Amino acid sequence: MYVYDQYDQRIVDERAAQFKQQVQRRLDGDITEDEFKPIRLQNGLYLQLHAYMLRIAVPYGLLSSKQMRKLAHIARLYDRGYGHFSTRQNIQFNWPKLEDVPKILDELASVEMHAIQTSGNCVRNVTSDHLAGVAADELEDPRPYCEIIRQWSTFHPEFAFLPRKFKIAVTGASTDRAAVRFHDIGVRIIDNDAGERGCEVWVGGGMGRTPHIAKCIRPFVPYVDLLSYLEAILRVYNQYGRRDNKFKARIKILVAELGTEEFTRRVETEWDQIKDSALRLTEVELDRVRAHFTPPVYEDLPARPHATLAASLSQDRDFAHFVRNNVKEHRQPGYCAVMVSLKVAGIPPGDASDTQMDAIADLADEFSLGEVVVTHTQNLCLPHVRQRELAALYARLREWDFAHPNIDTLTDSICCPGLDYCSLANARSIPVALEIAQRYDRIEVLEDIGEVSLKMSGCINACGHHHVGHIGILGIDKQGVEAYQLMLGGSPSDDASIGKIVGPAFSREDIVPAIDTVLNTYRSLRTSPDERFIDCYRRTGLQPFKEALYGAH
Amino acid sequence: MALIRNREVVDHDPWINIVDDETVPHDADVIVSLTRWQRDHVGLVQRTGRSGVRVGSGDELDGLIQHLSDISLVALEFPSFKDGRGYSKARLLRERYHFQGELRAVGNVLPDQLFYMARCGINAFEVQAGKSLDQALAAFGEYTVTYQAAADDPRPLYRRTDRG
Amino acid sequence: MITGNRTDDGAVVYLAADGRWVTDLTDAHAIEGDEEVQTLIARAHTQERVVCDPYPISVAVEGDTPRGLSAREEIRSVGPSVSYRRPDSPTEV
């Protein structure tokens, strides 16, 4: 993983020192809350419903065990003993005191971490595939490019006050696990027709009030031109993005209003002026960053096909379920990537206690070459596990409630913090997720339903990605009372689609029975148990589900 | 209001803001709106006083570029700290159009924005007098390392120094 | 009633009759009349070292009990409706 040099370190140290002064000025009354707010936001510190919330950046989700232990320590010392992993691969603490935040930033800086630009109208954390570097279907590791983009965007003086927040995702695999088509800029690493390796650039994807699928505005950009191309896009957005209406300020609106052709023309015109400047990456710099991501030294081990693994473990049924659902294929023979489910009944999705974080750090050291990845689906991933150690790892994961075999099933849902925590929310989302988790706690039932992604947001800002869930739930406010809109058929991946609202919103009492109805309808319509929910829905359309939920009219 | 230029507090600012229908003194240094400049620039340039142009955050730079060498000062409006269009305008003026004169940020300028503004090529700032002024002067030196190219240095960090 | 977030730790606070900011909704000052609300809000805005973003909420007071809160204000007054169960400890947060 990337290791800071003296310059990277100085940048986070100086930011922590600056924020310490700014907090002091706020506490002394030298600056107003209005003046402090943009500063606080650029340091990832929100004022939420009950407390401040600090969002810490985890670039492309990658953490060393040392960093994970530091997060555990912060949870313990400065918070209420737990943290929340977010849909942008970051971690959030819900209860820091304002005067402690500078100390937290110092602690983070000591392990090469920070909370820079995790909020505010600037370029946010660059996210990626949680299997980056190890995926069997990967063309090239996207992480060096994520890191290069991270550095370029950090304290970029021109783009600190964009019309709105800006999110970039990069993928290097043939299956997109990073939802690049739903980001402001999505980058796919590809080989072009001439056999050259480079980047396909997508712009204008997003969720929120008006979901959009991104448009590919440049089919191919060589690596050396990636930053200059991104700078051209950002400059066009900074100048022409709408600033009159917060809900129309994302780049997706600009692309839609100008039209893809005109938007692309403006970007290309700007790019022509800067592509031959010093923005052009050098091979030296590309190699320097790539060198931080060379694959670890793996043991030379025989491959053990998944199927035989699961079959040979059928004596222990729980373990068999775990291997089937939570263990992912790895490019190195004899290895696998293990998903650590943070979707356990009784615990808000994506949360982990300080002791759990310490435990995962130990497990990472013992079983995964000291690395763990935060997934955008609010789970963790141990990316370098030897297949022959799976049983031992499984036993240890069980001790910490990390072994629930529900990955990619109904209860592996994405769920934003919602009205329980977030000042933007209209309705609570966590209790709905917990009710569903409790109701569908039997693994046999989950496996019978099969692969289905349920995504829940407590408001239109869509932090829970509800537009791209196979089943999506949006919490709304109906005259001061919580209600829930249901939608079906969304997908964040290469088969990108936006969910369709089924009908009138459901009350809190009726939303979970509505989910039951949707799943029962699916089971009655599917051609076989092997037909996935999303495929069945795309075949039958919305109508049968609508009728089942609201009656035939 | 206090004025900082080239990292120093300026005691006497010769520049006068002129509204659109006001008569322009022959020998004074005046700042006019972009509209006024486009309409009257011939006459303005024939004076002994210098000419400056006020550019709104939503204005296009086209109207300025044609006769940029006749302009000694560009005042970029920052109506609210959230409006970041001036940063792009500043960089374009310096790096694309090679503007050599004074680039002044006017409007709602907070000390915490100065570092970014300076990196974008702005070298003069209208700030609130009082405590803010000390904060403002300190702001320029707050970061000793920067990653990316900007108006202050067209080279990204890895081109300025050996990394790693 | 007037509510806001405590500057120190972001906790939900309410304006009490004696001008203090309290965390318990039942101790909050029930204000009648728009004018008094505006006056108190204006004053609250000058207390930024103690409270952030003060705003008024409408509440029906039955006897001593405040009622009629929106879902959002209900949650603000009692805290998150979900408790955090740690796998390694029997107590909830």
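Select from the stretch A:165-178 the residues that are surrounded by fewer than 23 Cβ atoms within 10 Å (Cβ to Cβ) and more than 14 Å from A:Gly133 (Cα to Cα) and list them in ascending order. Result: A:Lys165, A:Lys167. The number of residues in the stretch B:85-102 that are away from chain A (no Cβ under 11 Å) and surrounded by 24 or more Cβ atoms within 10 Å (Cβ to Cβ) comes to 1.
Is it fair to say A:Leu390 is surrounded by fewer than 24 Cβ atoms within 10 Å (Cβ to Cβ) and away from chain C (no Cβ under 14 Å)? When the stated conditions are applied, A:Leu390 passes them. For the stretch A:45-62, the tally of residues that are in a strand (DSSP E or B) and within 24 Å of A:Val170 (Cβ to Cβ) stands at 4.
Across the stretch A:121-144, which residue is farthest from the other protein chains (Cβ to nearest Cβ) among those that are closer than 27 Å to A:Leu45 by Cα and open to solvent by 10 Å² or more (accessible area, probe 1.4 Å)? Here the residue is A:His130. Residues of the stretch A:60-78 include at least one that is free of Cβ contacts under 8 Å to residues at least 40 places away in the same chain and either under 27 Å from C:Tyr14 (Cα atoms) or surrounded by fewer than 23 Cβ atoms within 10 Å (Cβ to Cβ) (or both). If you go through the stretch A:161-208 and keep only what is without any contact (Cβ under 8 Å) to a residue 24 or more places away in the chain and of a type outside the set (Phe, Trp, Tyr), you end up with A:Arg188, A:Asp193, A:Ala194, A:Gly195, A:Glu200. Here are some conditions: (1) modelled with pLDDT under 95; (2) acidic (Asp, Glu); (3) touching a Leu at 6+ places or on another chain (Cβ under 6 Å). B:Asp40 meets all but one. Which one does it not meet? Unmet condition: (3). Checking each residue in the stretch A:478-505 for being open to solvent by 10 Å² or more (accessible area, probe 1.4 Å), assigned to a strand (DSSP E or B) and within 14 Å of chain C (Cβ to nearest Cβ) picks out A:Lys478, A:Val481, A:Glu482.
Residue count for the stretch A:39-52 satisfying the condition of being open to solvent by less than 30 Å² (accessible area, probe 1.4 Å) and touching a Gly at 6+ places or on another chain (Cβ under 8 Å): 6. Among residues of the stretch A:529-541 that are farther than 13 Å from A:Asp495 by Cβ, those with a beta-carbon under 8 Å from a residue that is of a type in the set (Asp, Glu) at least six positions away or on a different chain give the pairs A:Pro529/A:Asp448; A:Phe533/A:Glu451; A:Arg539/A:Glu531. Looking at A:Glu158, A:Glu147, can you tell me which residue is within 14 Å of chain B (Cβ to nearest Cβ), touching a Phe, Trp or Tyr at 6+ places or on another chain (Cβ under 8 Å), touching a residue at least 40 places away in the same chain (Cβ under 8 Å) and part of a loop (DSSP other than H, G, I, E, B)? Only one candidate passes the filter, namely A:Glu158.
Among the residues of the stretch A:182-205, is any within 14 Å of chain B (Cβ to nearest Cβ), more than 26 Å from B:Ala150 (Cβ to Cβ) and among the polar types (S, T, N, Q)?
Scanning the stretch A:182-205, I find no residue that is within 14 Å of chain B (Cβ to nearest Cβ), more than 26 Å from B:Ala150 (Cβ to Cβ) and among the polar types (S, T, N, Q), so the answer is no.
Does at least one position in the stretch A:79-93 carry a residue that is surrounded by fewer than 22 Cβ atoms within 10 Å (Cβ to Cβ) and in the same structural domain as A:Val267 (by TED's automatic domain parsing)? No, the stretch A:79-93 has no match at all.
Check whether at least one residue in the stretch A:451-460 is among the charged types (D, E, K, R), surrounded by fewer than 24 Cβ atoms within 10 Å (Cβ to Cβ) and at pLDDT 95 or above, and report yes or no. Yes. When only residues in the stretch A:203-259 that are in a helix (DSSP H, G or I) and hydroxyl-bearing (Ser, Thr, Tyr) count, which is surrounded by the most Cβ atoms within 10 Å (Cβ to Cβ)? The selected residue is A:Tyr237.
Only one residue in A:Glu257, A:Glu270, A:Glu261 is under 23 Å from B:Ser57 (Cβ atoms), more than 13 Å from chain B (Cβ to nearest Cβ) and free of Cβ contacts under 8 Å to residues at least 40 places away in the same chain. Which one?
Result of the check over A:Glu257, A:Glu270, A:Glu261: A:Glu257.
Only one entry of A:Gly475, A:Gly464 meets the criterion of being in contact (Cβ under 8 Å) with a residue 12 or more places away in the chain, buried (at least 18 other Cβ atoms within 10 Å of the Cβ) and within 14 Å of chain C (Cβ to nearest Cβ), and that entry is A:Gly475. In the stretch A:399-418, which residue that is under 20 Å from the mean Cα position of the chain (by Cα) and outside any loop (DSSP other than H, G, I, E, B) is farthest from the other protein chains (Cβ to nearest Cβ)? This residue is A:Ile414. Checking each residue in the stretch B:136-164 for being more than 8 Å from every other protein chain (Cβ to nearest Cβ) and out of contact with any Leu (no Cβ under 6 Å at 6 or more places or on another chain) picks out B:Leu137, B:Ala138, B:Phe140, B:Gly141, B:Ala151, B:Asp152, B:Asp153, B:Arg160, B:Asp162.
Flag: A:Asp287 matches the condition of being at negative phi and open to solvent by 10 Å² or more (accessible area, probe 1.4 Å). Might you let me know whether the stretch A:461-475 holds any residue that is aliphatic (A, V, I, L, M) and farther than 19 Å from A:Pro349 by Cα? Checked against the condition, which is being aliphatic (A, V, I, L, M) and farther than 19 Å from A:Pro349 by Cα, the stretch A:461-475 yields no hits at all.
Polar (S, T, N, Q) and within 14 Å of chain C (Cβ to nearest Cβ): which single residue out of A:Gln42, A:Gln24 fits that description?
Exactly one of A:Gln42, A:Gln24 is polar (S, T, N, Q) and within 14 Å of chain C (Cβ to nearest Cβ), namely A:Gln24.
Is it fair to say A:Gly83 is in contact (Cβ under 8 Å) with a residue 60 or more places away in the chain and on the phi > 0 side of the Ramachandran plot? Criteria not met by A:Gly83. Residues that are more than 7 Å from every other protein chain (Cβ to nearest Cβ) and under 11 Å from the mean Cα position of the chain (by Cα) within the stretch C:70-84 comprise C:Glu73, C:Glu74, C:Ser77, C:Val78, listed in sequence order.
Of all residues in the stretch A:63-108, those that are in contact with a Phe, Trp or Tyr (Cβ under 6 Å, 6 or more places away or on another chain), in a strand (DSSP E or B) and at pLDDT 95 or above total 2.
The C-beta contact set for the stretch B:118-134 (first residue facing chain A (nearest Cβ under 10 Å), second residue part of a helix (DSSP H, G or I) and surrounded by fewer than 19 Cβ atoms within 10 Å (Cβ to Cβ), distance under 8 angstrom, 6+ apart or interchain) comprises B:Gly121/B:Glu95. Of the residues making up the stretch A:9-38, those that are crowded, with 21+ Cβ neighbours inside 10 Å and either within 29 Å of the chain's Cα centre (by Cα) or assigned by TED's automatic domain parsing to the domain that holds A:Leu162 (or both) number 6.
Would you check if A:Gln18 is farther than 26 Å from A:Phe85 by Cα and more than 9 Å from every other protein chain (Cβ to nearest Cβ)? Taking the combined requirement at face value, the residue does not satisfy it.
The values are calculated or read from the model by the stated rules, or taken from the named source; none is laboratory data. As the structure is a prediction and not an experimental result, all values here were calculated from the model. Here Cβ is always computed from backbone atoms with ideal geometry, including for glycine, and neighbour counts include all displayed protein chains. For the accessible areas, the whole protein counts, side chains as well, though only heavy atoms, and no ligand, DNA or RNA atoms are used. Shrake-Rupley method; radii C 1.70, N 1.55, O 1.52, S 1.80 Å.
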